[in-house]
Amino acid sequence: MSSPSSAIPVWRQLAKPAVIVGALGYFVDIYDLILFSIVRTASLKSLGYDGPELVSHGILLLNLQMIGMLIGGLIWGVWGDRRGRVQILFGSILLYSIANLANGMVHSIESYAFWRFIAGVGLAGELGGSITLVSEVLSKELRGYGTTIVATVGVFGAVVGGLVADLVDWRIAYFIGGGLGLALLALRVSVAESGMFVQLKKASSASRGNFLALFTDARRFLKYLRCILIGVPSWFVVGVLVTFSPEFARALNISGPVKASYAVLFVYLGLTIGDLMSGLISQRLRSRKKVVLGFLVATFLLTCVYFQASGGSPALFYTIVCLLGIGIGYWAIFVTIAAEQFGTNIRATVATSVPNFVRGAVVPITLGFQYFKEHLGILPGGFVVGVLCIGIALLALWGMEETFGKDLDYEEPI
């Protein structure tokens, strides 16, 4: 006998406020996250800086944003497990929307640095909160589609951010991001809280949002660590291969100039395609692990192609970067896996902190790249770091639980 929901078209079951508003919120989130990288030079020159200061101040602002995201990932995750998933969505978008508007009005490096840090704190909560809520409000058969929609629409925000930044002044680009975020707050009024969380809050005295509990049990810690490590290759590609694409292009004797801003645009275009593909393939194969394995192997092969593109054209180089974006386009699956690995009382903490720890991994990744670059050269050094990142991710995936179709209505014993 079929369930009542089986007669409802899939698109109707997916067209819930949590999915729609979560996707739009993540779109604005990624728009702002990538916008700074694109307008960094123009904004700092407008503030009166030039030469080496463009690099030093740019690194300072980026690092403060990253520190904000690491701190915010913990704050929003714990808050979401204690007070509710919807509160993450309201609080995070309000904070980074205000920060966006403020970024458009800065006139000193000190104020710019402060508001990039605040933006980082706000940006940290959007993805984990949306994925947690969508995972809990949709059936176990459909939640993979829901999280795919959130990630695919969201990642496309980077592409739009790149286009907007090319068309308008950097201050206007920030104002647009802030305005879009505040407009979304009105839509979020229609988003209902997760029934699983409401039931847990009413009927259970279980500890909720206990971040330290992830480190008090060896099995739980190892599971949490695996969730982080399978996402590391994505930030090797973005943080090394794309960020330093002009330097790699010169070492590979690419026949024309390569711009990092264009490389960012193309890698996120690939990510948009990859997230959609990985989500749909996961639903078809009824497996998360098989899809992540396939995309990790593809990322390794494409990394090899990247380092063999000697003498190619800029168009070929950007094509390879776009394909690498597709290869690391298992971001939706990666965050969904994190949400599915843990019980309702700690799910938001995990789903919100994991992607931000992966983003934070760009620090040891770039330090490792710097070390091997000095000892081996830029091309061998970059390749060694890539092999290490992908190898660690494969090892972490090997011992991971398959969570496709898993019932999420349970508590983590803490």
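The values are calculated or read from the model by the stated rules, or taken from the named source; none is laboratory data. Note that the structure is predicted; figures quoted are calculated from it, not measured. Quick reminder, even Gly has a Cβ in these numbers, built from the backbone with ideal geometry, and neighbours come from all protein chains shown. The protein model used for the area step is the full one, side chains on, heavy atoms only, and it has no ligands, DNA or RNA in it. Shrake-Rupley method; radii C 1.70, N 1.55, O 1.52, S 1.80 Å.
Net charge within 12 Å of Thr132 by Cβ-Cβ distance, Lys/Arg positive one each and Asp/Glu negative one each, not counting Thr132 itself?
-2
Over all distinct Cα pairs, what is the inverse of the mean 1/r for segment 344-406, reported as the Kirkwood hydrodynamic radius in Å?
Working: mean 1/r = 0.0721 Å⁻¹.
With all distinct Cα pairs of segment 344-406 included, I get 13.9 Å.
Express in whole angstrom the spacing between the alpha-carbon centres of segment 289-327 and segment 154-211.
Using only Cα atoms to place each centre, the spacing works out to 30 Å.
Evaluate the Debye formula for segment 179-218 with equal point scatterers sitting on the alpha carbons, no solvent, and hand back log10 of I(q)/I(0) at q = 0.30, 0.31 Å⁻¹, in q order, two decimals.
-0.96, -0.99
Could you compute how much accessible surface Ser108 exposes when probed at 1.4 Å, giving the result in Å² to the nearest 10?
Solvent-accessible area, nearest 10 Å²: 40 Å².
At 222 nm, what value in deg cm²/dmol follows for the chain if DSSP H runs of at least 4 each add -39500 (n - 2.57) and the sum is divided by all its residues, to the nearest 500?
-24500 deg cm²/dmol
Round to a whole angstrom and tell me the spacing of the C-alpha centers of segment 248-273 and segment 19-62.
18
Net charge near Lys289: determine it from the other residues with C-beta under 15 Å of the C-beta of Lys289, scoring Lys and Arg +1 and Asp and Glu -1.
Working: positive: Lys223, Arg226, Arg284, Arg286, Arg288, Lys290, Lys406; negative: Glu340, Glu401, Glu402.
That works out to +4.
Through the Karplus equation 6.51 cos²θ - 1.76 cosθ + 1.60, θ set to phi - 60°, convert the phi angles of segment 255-261 into ³J(HN,Hα) values in whole Hz; use x for Gly and Pro.
In residue order, the calculated couplings are 6, x, x, 10, 9, 4, 4 Hz.
Rounding to the nearest 10 and keeping the result within 0 to 90°, find how far the Cα-based axis of helix 126-137 lies from the longest principal axis of the chain.
Result, in degrees: 30.
Expressed as a whole percentage, what fraction of the accessible surface of the chain belongs to carbon and sulfur atoms when a 1.4 Å probe is rolled over the protein heavy atoms? All intermediate terms of the calculation are to be shown ahead of the outcome.
Numbers: 11320 of 16400 Å².
In the chain, the share of accessible area belonging to carbon and sulfur is 69 percent.
Over all pairs of distinct alpha carbons, what does the Kirkwood formula give as the hydrodynamic radius of segment 290-365, in Å? Can you show the working numbers first?
Values: mean 1/r = 0.0698 Å⁻¹.
About 14.3 Å for segment 290-365.
Using the Kirkwood formula on the Cα atoms of segment 85-203, what hydrodynamic radius do you get, in angstrom to one decimal?
On the way: mean 1/r = 0.0637 Å⁻¹.
Taking every pair of different Cα atoms in segment 85-203, averaging 1/r and inverting gives 15.7 Å.
Accessible area per residue, 1.4 Å probe, Å², for segment 43-139: what's the number? Write out the running numbers ahead of the final one.
Working: 3360 Å² over 97 residues.
Computed with neighbouring chains in place, this is 35 Å² per residue.
Can you tell which of Tyr49, Tyr31, Tyr224 shows the greatest fluctuation in a Gaussian network model of the chain with Cα springs below 10 Å?
It is Tyr49.
How long are the three semi-axes of the equivalent ellipsoid of the chain, in whole Å, if each is the root of 5 times an eigenvalue of the C-alpha gyration tensor, listed from largest down? Working shown, then result.
On the way: eigenvalues 221, 126, 79 Å².
They are 33, 25, 20 Å, listed largest first.
How many times 2.2 N^0.38 Å is the alpha carbon radius of gyration of segment 247-393? Let's see the in-between values first.
Details: Rg = 16.6 Å, N = 147, 2.2 N^0.38 = 14.7 Å.
Ratio of Rg to 2.2 N^0.38 Å for segment 247-393: 1.14.
Can you return the lysines within cross-link range of Lys223? Criterion is Cα-Cα under 27 Å, with same-chain partners fewer than 8 residues away left out.
Within the straight-line limit of under 27 Å, Lys223 reaches these lysines: Lys140, Lys201, Lys289, Lys290, Lys406.
Could you grab the Rg to Rh ratio for segment 190-311? Cα atoms only, Kirkwood for Rh. Working shown, then result.
Working: Rg = 20.5 Å, Rh = 18.2 Å.
With Rh from the inverse mean 1/r over Cα pairs, Rg/Rh is 1.12.
Whole-Hz ³J(HN,Hα) for each residue in segment 101-114, computed from phi via Karplus 6.51 cos²θ - 1.76 cosθ + 1.60 with θ = phi - 60°, x for glycine and proline: what do you get?
Values, residue by residue: 4, 5, 4, x, 10, 6, 9, 8, 5, 5, 5, 4, 4, 4 Hz.
Take peptides 168-181, 232-245 and line them up by average Cβ neighbours within 10 Å, highest first, as a rough protection proxy. Present the calculation step by step, with values, prior to reporting the outcome.
On the way: 168-181: 20.2, 232-245: 23.9.
Listed from highest to lowest mean packing, they are 232-245, 168-181.
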